[in-house]
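J.: Please find one structure pasted underneath; my questions will follow.
The values are calculated or read from the model by the stated rules, or taken from the named source; none is laboratory data. Because the structure is a prediction, the values reported are computed rather than measured. Every residue, glycine as well, gets a Cβ built from its backbone with ideal geometry; the counts of neighbours run over all protein chains shown.
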Amino acid sequence: MKVAAYNQEGKEVSQTLLPKEIFDVKMSPDLVHQVVVAQMGNRRRIIANTKTKDEVRGGGRKPWKQKHTGRARHGSIRSPLWRKGGIIFGPRKEEVYKQKINKKMGRKSLFMVLSSKVKDNEILVLEDLNLEKKGKTKTLVALIENLKSKIENFKKGKILIVLPQKDEALTRAARNISDIGLVEARNLNTLDLLNYKYLLMPKETIKVIKETFGEKSKTQNEEVEIKS
């Protein structure tokens, strides 16, 4: 599979080869959905925590006598029937939303989403990506706007920049832009890919993706597990 590679001015300068085993995989919506739900659950932070009647302060004695008052019988103001009393079946911090997804499923769903973006012309490959002024947000914004104006299939939508390795200058430049995300190729996952319309990556990123998620890396990992 060959796609066009552009320079930072938006001119097509070459063709680059995409590994077929990664960028030409048949889509399975059920598998992608399962992986996304698991990843969302694994990222979920449990903040809400209501108190039961045992945790509410006060209520150490009966609010009034059991009989002869003309009022309903109550044992404690901590009862869920009372205002500011305990909560029945409320959210608790003990709730667990994490799900385990095996590596093969995660890798396969990643390939499916990458393949889908290739078919929809939502992946833009650059010969190289670097900023003249280190960490300047306006420099990165100008670069993106220039690419959008020159490349027909690269228009309105959120952009995920996929880097072959960590780049401090690009990280500083992108963190103030709401519709631009940045991730290293080794940390790619299905959920991040679906949160952005376009992928912008240097040619070197394709090599890192193949080394990290391809069949060769899978075989090497299995060999390490057998040896250990």
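Let's see how each residue does on (1) within 30 Å of LEU140 (Cβ to Cβ); (2) touching a helix residue (DSSP H, G or I) at 6+ places or on another chain (Cβ under 9 Å):
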site	(1), (2)
THR16	yes, yes
VAL25	no, yes
VAL36	yes, yes
HIS74	no, no
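J.: Same structure again: Output the residues belonging to the stretch 81-118 that are within 19 Å of LEU194 (Cβ to Cβ) and in a loop (DSSP other than H, G, I, E, B).
T.: TYR97, GLN99, ILE101
J.: Within the stretch 142-163, how many residues turn out to be assigned to a loop (DSSP other than H, G, I, E, B) and either farther than 25 Å from ILE209 by Cα or among the basic types (Lys, Arg) (or both)?
T.: Qualifying residue count, the stretch 142-163: 4.
J.: Can you tell me how many residues within the stretch 49-60 are modelled with pLDDT of 90 or more and either over 48 Å from the mean Cα position of the chain (by Cα) or surrounded by 10 or more Cβ atoms within 10 Å (Cβ to Cβ) (or both)? Break it down stepwise before answering.
T.: As a first pass, look at the stretch 49-60 and keep what is modelled with pLDDT of 90 or more: 49-57.
Then drop every residue that is not either over 48 Å from the mean Cα position of the chain (by Cα) or surrounded by 10 or more Cβ atoms within 10 Å (Cβ to Cβ) (or both), which leaves 49-53, 55-56.
Result for the stretch 49-60: 7.
J.: Go through the residues of the stretch 69-86 one by one and say whether even a single one is modelled with pLDDT under 90 and farther than 28 Å from ILE209 by Cβ.
T.: Checked against the condition, which is being modelled with pLDDT under 90 and farther than 28 Å from ILE209 by Cβ, the stretch 69-86 yields no hits at all.
J.: Let me ask another. Mind listing just one residue for me: the one in the stretch 17-30 that is surrounded by fewer than 16 Cβ atoms within 10 Å (Cβ to Cβ) and not acidic (Asp, Glu) and, of those, nearest to ASP128 (Cα to Cα)?
T.: Going through the stretch 17-30, the residues surrounded by fewer than 16 Cβ atoms within 10 Å (Cβ to Cβ) turn out to be 17, 20-21, 24, 26-30.
Applying the additional criterion that residues be not acidic (Asp, Glu) yields 17, 20, 26-29.
Working: LEU17: 15, LYS20: 22, LYS26: 29, MET27: 30, SER28: 33, PRO29: 33 Å.
Step by step, filter the stretch 17-30, then rank; the result is LEU17.
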